[in-house]
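Encoded as structure tokens, the structure appears first; notes follow it.
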Amino acid sequence: MLLRAAWRRAALAATAAPGPRSAEPTRGLRLRVADHAPQSAVPSDTAAAPESVLRPLYMDVQATTPLDPRVLDAMLPYLVNYYGNPHSRTHAYGWESEAAMEHARQQVASLIGADPREIIFTSGATESNNIAIKGVARFYRSRKKHVITTQTEHKCVLDSCRSLEAEGFQVTYLPVQKSGIIDLKELEAAIQPDTSLVSVMTVNNEIGVKQPIAEIGQICSSRKIYFHTDAAQAVGKIPLDVNDMKIDLMSISGHKIYGPKGVGAIYIRRRPRVRVEALQSGGGQERGMRSGTVPTPLVVGLGAACEVAQQEMEYDHKRISKLSERLIQKIMNNLPDVVMNGDPEHHYPGCINLSFAYVEGESLLMALKDVALSSGSACTSASLEPSYVLRAIGTDEDLAHSSIRFGIGRFTTEEEVDYTAEKCIHHVKRLREMSPLWEMVQDGIDLKSIKWTQH
């Protein structure tokens with residue numbers, strides 16, 4: 001009740017904020033109430049009115065998604081009243097939390113067609129990927145010392161493989177085609193008698209390309225090799241069935257499916273049994289594969305997010321496809337020299353990666369400051385190097401530097417898409433007018449024929 005009252009007061013303060021209103025509409029900007037005053041532990045009705053802060057539109061759902069209000073509703077009781085340790089077996093507090101944890105396990109399993117006993121809760125997809133890759137490789141190291149992955153995997157998969165190489169394992173990094181999809185013949189050719197694991201992500205986090213997971217699963221199953229997929233960007237967004245697709249291990253993230261941050265899961269097949277060496281020592285929770293107290297509110301949130309995703313997947317996919325098509329058409333019809341990165345057919349529509357020739361991506365991001373976008377993965381965007389994913393699909397370095405990723409999700413509106421497209425078109429035109437390269441291209445000069453000299 002106190003929480004609800006506080007929100008109501010904040011909303012009233014925001015709407016009744018004094019001062020002249022600007023005639024210009026704040027379309028594209030969201031109003032957020034931010035209180036910059038030091039916070040008291042005790043709510044007070046006489047507290048100073050918070051100042052209103054305008055925030056950008058959110059179009060970066062591959063980095064993280066907002067918490068679905070239905071997920072928050074499911075979590076709140078376990079943050080306030082039902083705070084027992086789910087591993088406490090001697091009293092009702094523990095039993096309540098354990099029942100909630102097991103219900104969440106069932107919800108996650110249902111989304112991917114698994115048995116609840118095959119779901120292990122973790123802190124997120126990074127930990128799940130580490131457990132899958134290092135855990136399987138180390139368990140079978142006496143007989144098998146070869147792992148296969150692709151060059152466009154998430155950084156935590158590539159770094160896990162690098163650490164295995166330091167331990168004496170051999171890792172094959174499969175190249176991808178121009179479309180971003182692997183060649184299945186190359187995968188078959190890379191398999192060796194001592195290959196223990198193949199790890200290929202379902203949907204790429206930068207270019208949204210969908211890999212042929214069912215076909216890869218079939219190849220691995222026929223060669224008796226374990227198949228792991230990082231499905232953080234795919235779970236709850238496209239239909240997945242671990243049995244039909246012959247997936248042995250799958251990584252899941254909570255905050256990519258409108259759930260809380262800091263929680264995820266790994267699916268580990270029971271029949272035929274996949275054995276993994278635990279990375280973390282402790283009390284042996286989660287069938288000994290992931291020791292540590294399971295955070296009940298977070299896993300309840302993950303379970304609720306999975307259930308909502310299962311119910312709304314078809315509707316969300318249709319709506320996101322429509323908005324995605326609208327954004328692409330609007331931009332491409334109004335701007336020349338725009339390239340869509342990745343396969344346009346085998347592609348998740350909510351992730352659109354466009355390269356704007358003769359424009360620096362970082363400059364465009366700065367210009368589009370009232371829209372939250374990114375020029376690649378949030379995990380690697382601190383680096384000024386062009387994206388390794390775009391380099392792997394053969395994108396020219398100048399085009400790789402000019403790429404922007406647009407993310408469309410469950411709560412993205414048509415108005416937001418139109419606003420983003422209009423702003424993008426306006427600023428690309430403005431930046432190109434300032435670019436000497438664009439001027440040279442307009443004059444018919446082939447930039448590739450120029451020999452640039454260093455001073």
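The values are calculated or read from the model by the stated rules, or taken from the named source; none is laboratory data. What you see is a predicted model, and the numbers here were worked out from it, not measured in a lab. With ideal geometry, Cβ positions are generated from the backbone for all residues, glycine too; neighbour counts draw on all protein chains shown. Surface areas here come from the heavy atoms of the whole protein model, side chains and all, with no ligands, DNA or RNA. Shrake-Rupley method; radii C 1.70, N 1.55, O 1.52, S 1.80 Å.
Just a few scattered comments:
- Loop-located GluC sites (Glu not before Pro) in the range 279-361 (DSSP state not H, G, I, E or B) with no more than 16 neighbouring Cβ atoms inside 10 Å: Glu345, Glu360.
- Taken over the range 313-444, the convex hull of the Cα atoms encloses 120 Å³ per residue.
- With all protein chains kept in place, the per residue accessible area of the chain amounts to 49 square angstrom at a probe of 1.4 angstrom.
- Proximal lysines relative to Lys178, as straight alpha-carbon distance under 18 Å, when same-chain residues fewer than 8 apart are discounted: Lys210
- Placing a pseudo-label 7 Å from each Cα along the Cα-to-Cβ vector at Asn81 and Glu433 gives an inter-label distance of 6.1 nm.
- The HN-Hα couplings worked out from phi for the range 75-81 by the Karplus form 6.51 cos²θ - 1.76 cosθ + 1.60 (θ = phi - 60°) are 7, 3, x, 8, 8, 10, 9 Hz, whole numbers, x standing for Gly and Pro.
- Relative contact order (percent, whole number), the range 252-353, Cα cutoff 8 Å, 6+ residue spacing: 21 percent
- Applying the Karplus relation 6.51 cos²θ - 1.76 cosθ + 1.60 with θ = phi - 60° to the range 399-404 yields 3J(HN,Hα) values of 6, 4, 6, 9, 8, 10 Hz, where x marks Gly and Pro.
- Sites Asp396 and His346, calculated FRET efficiency, Cβ-Cβ separation with R0 30 Å, nearest 0.05: 0.85
- With θ taken as phi - 60° and the Karplus curve 6.51 cos²θ - 1.76 cosθ + 1.60 applied, the whole-hertz 3J(HN,Hα) list for the range 415-424 is 4, 5, 5, 5, 4, 4, 5, 4, 4, 4 Hz, x standing for glycine and proline.
- Å³ per residue enclosed by the Cα convex hull of the chain: 195 Å³
- Mean ellipticity per residue at 222 nm, deg cm²/dmol - from DSSP H runs of n ≥ 4 across the chain, formula -39500 (n - 2.57): -12000 deg cm²/dmol
- Percent accessible area from carbon and sulfur atoms, the chain, protein chains only, probe 1.4 Å: 53 percent
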